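Below is one structure, written out as structure tokens; comments come after it.
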Amino acid sequence: MSRYKVLIADDEEQMLMLVGSYLEKEGFGTVTAVDGEEVLARWEQESFDLVILDIMMPKMDGFTVCQKIREVSKVPIIMLTAKSEELDRIHGLKIGADDYIVKPFSPKELVARVEALLRRSNDFKPRQNVLEQGDLAIDLEGHTAEVQGKRLNLTRKEFSLLDFFFNHKGQVFSREQLLDHVWGLESTGTLRTVDTHIKTLRIKLGPAGYLIKTVWGVGYKFED
């Protein structure tokens, strides 16, 4: 299970330590957040296989965070709360949560539910959503990439850049075009931003870094 990474969000430090320690004991990688805004910030920076969300968090509650994640991903989500009202459980499931655990709970039960959700989500992952070239494999649905079977720790923007390149093999794009297609209208980046991301992406790709070619005086392309 060591290849799985879980994002745990709760404003109680003791709860974060408890849940994190049990998951890490079973071989999971964990990242923690103490409020809704930090959850989304972490989500933008890294890729996760499962998210555990406390409902009553400062700055942004778990329901809102769940909805925002569901807009872009089908990653398994477990809602964690002290509330036991049926309406809250129903609401959480309706907005996209996969499971719901009421505090206090058994940490062992939580780990078992995490494992069950990951087994189901991976068993039924359609292979047509996985693109492969050489040692590189990109999972479009899970927003993850692997080189020689090893998971890459890509940011959201790095994955978007890699995804764009992969879907336009052999085509040369200027930095201006990449900024427009990948960063979009809301971008505050510069042409240097494109160069920096490509440099970092090549490093993370390791032995597959050669797939992103520099076309001097023009821009970049992905090896066809």
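Which number in (1) in contact with a Pro (Cβ under 8 Å, 6 or more places away or on another chain); (2) modelled with pLDDT of 90 or more; (3) not hydroxyl-bearing (Ser, Thr, Tyr) marks the one condition that Asp49 misses?
It is condition (2) that Asp49 fails.
Of the residues in the range 22-42, how many are out of contact with any strand residue (DSSP E or B) (no Cβ under 8 Å at 6 or more places or on another chain) and of a type in the set (Val, Ile, Thr)?
Residues in the range 22-42 being out of contact with any strand residue (DSSP E or B) (no Cβ under 8 Å at 6 or more places or on another chain) and of a type in the set (Val, Ile, Thr): 0 in total.
Per-residue answers, yes or no, for (1) touching a helix residue (DSSP H, G or I) at 6+ places or on another chain (Cβ under 7 Å); (2) closer than 30 Å to Val31 by Cβ; (3) among the hydroxyl-bearing types (Ser, Thr, Tyr):
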site	(1), (2), (3)
Leu152	yes, yes, no
Val172	no, no, no
Leu179	yes, yes, no
Arg192	no, yes, no
Gly206	no, yes, no
Tyr210	no, no, yes
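How do the pairs read when you match residues in the range 91-112 that are on the phi < 0 side of the Ramachandran plot and in the same structural domain as Pro76 (by the TED database) with residues anywhere that are aliphatic (A, V, I, L, M) and in a loop (DSSP other than H, G, I, E, B), using Cβ under 6 Å and keeping only pairs 6 or more apart or on different chains?
Pairs found: Lys103/Ala82.
Taking only the range 14-44 into account, find how many residues are more than 24 Å from Lys108 (Cβ to Cβ) and either small (Gly, Ala, Ser) or in contact (Cβ under 8 Å) with a residue 40 or more places away in the chain (or both).
Number satisfying all stated conditions: 4.
Looking at the range 91-199, what strands (runs of 3 or more DSSP E) fall wholly within it and have at least 1 residues that are modelled with pLDDT under 85 and under 28 Å from Asp54 (Cα atoms)?
Hits in the range 91-199: 99-102, 136-139, 144-147.
The values are calculated or read from the model by the stated rules, or taken from the named source; none is laboratory data. All values derive from a computational prediction rather than experimental measurement. In this analysis, Cβ positions are derived from the backbone assuming ideal geometry, glycine residues included, and neighbour counts consider all displayed protein chains.
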